[in-house]
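Each remark here refers to the structure printed beneath this line.
The values are calculated or read from the model by the stated rules, or taken from the named source; none is laboratory data. What you are looking at is a predicted structure, and each value in this text was computed from that prediction instead of being measured. Cβ coordinates were reconstructed from backbone atoms using ideal geometry, including for glycine residues, and neighbour counts include every protein chain displayed.
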C-alpha cells in the first residue's frame, strides 16, 4: 500500500510540475478530436482513439514534469553549492544542455558574487590600515601638545620667547587635528555617497616646510 501511495504521489507531483504545458496539450487534444470527428465515422473507434490520445498526453505530461523537476533540482543544487562556496571557479558550474542559457546567467552571478566578496575584503583591509594610520596621526599631535603644555607648566611659561614658540606649535597641532577630523568627516560622506571626491592642487614646498618646522629641535 505504501509503495502504491508513493508512486501515486510521484505521478501527481510530476503532473503538477507539467501544468505549464497543460494548455498547449489541451488545445492540440481538442483540435485532434474535432478533426477526428469529421474524418472517422465510427463512433466506437473515435472514442477509442480519443482515449488513447488522451492517455498519450498524460504520459507525455508525466515525463515532461519529471524532466522539469530534475532540471529545477539541478539548479537548486548548484545554487546551494554557491552558497556554501563549493565551487572555486565558474567553469565548475555545469547544467544540462537545454539549460545552457541559465548556466551562463548563474556563472555570471557567481563571478559577480566573487568579485563583490573580493572587493569587500580589500575594502575591509584598507579600512583597517586607514584606522591604524589615523590612530598614529591622532597620537602624534596629541602627544606633542601634551609635551608643550608639560614643558610650559614645568617653568617655561615664564620665558616669553619659549612660551610663545610652544604655544604657536601647540596651536598648529590643534589646527592639524581639526584638519584631520574634517578629512575623516569627508571620507565618511564620500563612502555614504553624500559627497563626491574632488582633486585640488596644493603647494608641496609649503607643506614640506611645515613638516620640517614641526620636526625641528627646540
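A few points about this structure:
- Annotation note: of 134, 78, the sole residue that is closer than 30 Å to residue 176 by Cβ, touching a helix residue (DSSP H, G or I) at 6+ places or on another chain (Cβ under 9 Å) and surrounded by 13 or more Cβ atoms within 10 Å (Cβ to Cβ) is 134.
- From 44, 13, residue being assigned to a helix (DSSP H, G or I) and at pLDDT 80 or above: 44
- Count - residues of region 146-170 that are within 16 Å of residue 210 (Cβ to Cβ) and without any contact (Cβ under 8 Å) to a residue 40 or more places away in the chain: 2
- Residues located in region 159-180, provided they are within 12 Å of residue 149 (Cα to Cα), surrounded by fewer than 15 Cβ atoms within 10 Å (Cβ to Cβ) and more than 52 Å from the chain's Cα centre (by Cα): 164, 165
- For region 97-106, the criterion of being in the same structural domain as residue 9 (by TED's automatic domain parsing), part of a helix (DSSP H, G or I) and in contact with a helix residue (DSSP H, G or I) (Cβ under 8 Å, 6 or more places away or on another chain) is met by none of the residues.
- Some residue of region 30-48 being touching a residue at least 40 places away in the same chain (Cβ under 8 Å) and surrounded by 11 or more Cβ atoms within 10 Å (Cβ to Cβ): no
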